[in-house]
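For reference, the structure discussed in these notes is given below.
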Amino acid sequence: MAETEQITVADTSDGVGGNTDPGRPVNLPVVELLTGRGFITGKSGSGKSNSASVIAEKLLDNGFGLLIVDIDGEYYGLKEEYEILHVGGDEECDIQVTEDHAGKIASLALEQNVPIILDISSFLDEEAAETLLTEVAKQLFAKAKKQKQPFLMLVEECHEWMPEKGSMGEVGKMLIKIGKRGRKHGLGIVGISQRPADVKKDYITQCDWLVWHRLTWNNDTKVVGRILDTTYADAVEDLADGEAFLMTDWAEAVHRVQFRRKQTFDAGATPGLDDFERPELKSVSEDLVSELETISEEQQATENRIQELREELDDKNSRIAELERELQDARDLSRMAEQFTEALVDHVDDYNPGRTAKEEERRRQDRFTDAADGQDAGDDAAAEDDTPEAPSGGGFGDAFGDFAPDEGMDSPATADANGESSGADTVSANGHGDGDDAESAFAAAMASVGGGSPKASEQADAGGATTQSGTTAPAGDAAAPIDPIDGSVPEAVADLAADIADLEGKTRRMLSFYVEQGPGTPLNAHFSAGGSGDRTAAYARNRTLRLRGLVEHVGRGSYDVRLDQLLDEETATDLPAEQREEYADRLEGQIVDTEE
């Protein structure tokens, strides 16, 4: 590093604010420049960037280090005369860098005294540029605390990072920190802006030296008046290109000066009609670039590895999605198998959940008629040979031939040896009645469709339970009439009460089980009703309840009472919902009370 203590950057100028002889050299102390806080301002074309470049050239001439934050890409012309490292985000730079290079950039600048242009204008992504600048500033501040070496950071368009109004980002906060605390570590900063009114006043008021080029906007001239004087505020509007008011802490007076022209290519000049010729720029040492390229290669390797991992993750996610689809397909197949199994069971039970109650009733009536025809045929046969046979007509065929007898089920009357009717029980070979063993398949078939012929139903409605032989049994456990809620009992409710009353005792007790216990299997209901728990007999009686719409299959072999739904279907147009629910409760209550 050179031992120069001062650098010459301008000459005194004549005019308002001038207090020395015109043409005298103006020198700036190097240490104050490198470690202090400076501010250069002026409207576009007034010469502020030229003044900053002159200061940079004088420092580079004497081997002092600096880092220029270039916002508009106008400082690369310094490479015409100086070996300065140009880093940024495009191929025009010596090397393309990211925030991962921040530490190495700061190390080259402070430890190896390498001048650097950090070209922010070359980044398409503003966020990436701000992140890089923030990290470089942090690294410079951290290393300066250890290095204790004079070093200058020159920041163009500082109002973008340190605005007077609005929120300040991480970059501005870091630059303000350098301005306040960097001096004692040897780290100086110079802010450059064409709009002093937009720059944070906390920064301007702490500066050691300030350069005011031509300003014409009222808000900007007011800043000059507050910091310098109204005389300078008026005169600053008439300054020529390159002229400025120089105010420093080490001089008592404000000087009117004319900055000298920069010696290197002016990349920031407004293009004219002449052909543009890019100067031949000096290249930097391959060793410097190689150190940064190593970081770039490592970064590229990391990015490649990240890309590989992402591709592997995508493959695994695709495999997971495929397995999830296969699992869902398996679940769908399992669900279909379960539904198919239930359909088979329902088919065996002659149950179709999609059939409405009215369709069930019509089907029951058809079977009822067919069963009655079959009974007539059976009675004719019994009259000829005194032996009752299971009906072959009525749509049942031999379907009920395998039903086991069930105690108490209605059975056709059979003639004993003396030609007398034995009622509900059939006489066995030894002459004793045995209901469970002697009950015929015909009795099971008749019980499955509601028990009895139309004639028997009419007799039951008249007040007595009727056997298959046509005799009237006492109606001791028949349901009592339903009390009306408002006026008379609706016909649908009365028909349902009569239908329940027409049930054979054990079948009605199975219905009582569903009312009291809720969903259950026919075997449990049959056993609770006093039956033997035989599967065939249980499902034969349960079928009677199902075909009359009194119970429904609720899944997994269980059934539940459905009086309220049946009333909804039968009386939906002429009975309020509250009354339907009340009648359903009364019917259920009578079913339970009767069985008790």
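The values are calculated or read from the model by the stated rules, or taken from the named source; none is laboratory data. Given the structure is predicted, the values throughout are model-derived calculations rather than measurements. Every residue, glycine as well, gets a Cβ built from its backbone with ideal geometry; the counts of neighbours run over all protein chains shown. We work out accessible area using only protein heavy atoms, side chains counted, and drop any ligands, DNA or RNA first. Shrake-Rupley method; radii C 1.70, N 1.55, O 1.52, S 1.80 Å.
Couple of notes before you dig in:
- Out of V561, V551, sole residue that is farther than 23 Å from T341 by Cβ and of a type in the set (V, I, T): V561
- Selection status of D234, assigned to a loop (DSSP other than H, G, I, E, B), among the acidic types (D, E) and more than 50 Å from the chain's Cα centre (by Cα): no
- Taking the conditions (1) at negative phi; (2) out of contact with any strand residue (DSSP E or B) (no Cβ under 7 Å at 6 or more places or on another chain) in turn, N113 satisfies each one other than (1).
- Which numbered condition G186 fails, given (1) over 24 Å from K43 (Cβ atoms); (2) free of Cβ contacts under 8 Å to residues at least 60 places away in the same chain: (2)
- Within region 547-580, the set of residues being in contact with an Asp or Glu (Cβ under 7 Å, 6 or more places away or on another chain) and of a type in the set (D, E, K, R) comprises R548, E552, D560, R562, D564, R580.
- Residue count, region 550-574 (criterion: polar (S, T, N, Q) and either at pLDDT below 80 or part of a loop (DSSP other than H, G, I, E, B) (or both)): 2
- I500 passes every criterion in (1) open to solvent by less than 70 Å² (accessible area, probe 1.4 Å); (2) modelled with pLDDT under 80 apart from (2).
- Region 11-90 holds strands (runs of 3 or more DSSP E) entirely within its bounds, and those carrying 2 or more residues that are among the β-branched types (V, I, T) and either at pLDDT below 90 or touching an Asp or Glu at 6+ places or on another chain (Cβ under 8 Å) (or both) map to 66-70.
- Apart from one condition, L124 fits all of (1) under 19 Å from K104 (Cβ atoms); (2) of a type outside the set (G, A, S); (3) open to solvent by 40 Å² or more (accessible area, probe 1.4 Å); (4) not in a helix (DSSP H, G or I); the exception is (1).
- Complete set of residues in region 234-244 that are out of contact with any Lys or Arg (no Cβ under 6 Å at 6 or more places or on another chain) and open to solvent by less than 30 Å² (accessible area, probe 1.4 Å): A235, V236, G242, E243, A244
- Of residues in region 526-565 being of a type in the set (A, V, I, L, M) and open to solvent by 10 Å² or more (accessible area, probe 1.4 Å), the one nearest to R335 (Cα to Cα): V554
- Positions within region 153-196 being farther than 14 Å from K138 by Cα, open to solvent by less than 20 Å² (accessible area, probe 1.4 Å) and within 42 Å of the chain's Cα centre (by Cα), in sequence order: C158, M162
- Counting the residues of region 65-76 that are open to solvent by less than 10 Å² (accessible area, probe 1.4 Å) and touching a Leu at 6+ places or on another chain (Cβ under 8 Å) gives 6.
- Among the residues of region 254-265, not a single one is outside any strand (DSSP E or B) and over 22 Å from N50 (Cα atoms).
- Positions within region 514-525 being in a helix (DSSP H, G or I) and surrounded by fewer than 23 Cβ atoms within 10 Å (Cβ to Cβ), in sequence order: V515, E516, Q517, L523, N524
- V136 meets each of the listed conditions (1) crowded, with 24+ Cβ neighbours inside 10 Å; (2) in a loop (DSSP other than H, G, I, E, B) apart from (2).
- Filter result (closer than 25 Å to D266 by Cα and crowded, with 21+ Cβ neighbours inside 10 Å) within region 78-104: L78, K79, I84, L85, H86, V87, G88, D94, V97
- Residue match in region 145-157 (condition: touching a helix residue (DSSP H, G or I) at 6+ places or on another chain (Cβ under 8 Å), of a type outside the set (S, T, N, Q), closer than 12 Å to L110 by Cα and in a helix (DSSP H, G or I)): yes
- Screening E127, E157 for residues that are of a type in the set (D, E) and without any contact (Cβ under 8 Å) to a residue 24 or more places away in the chain leaves exactly one candidate, E127.
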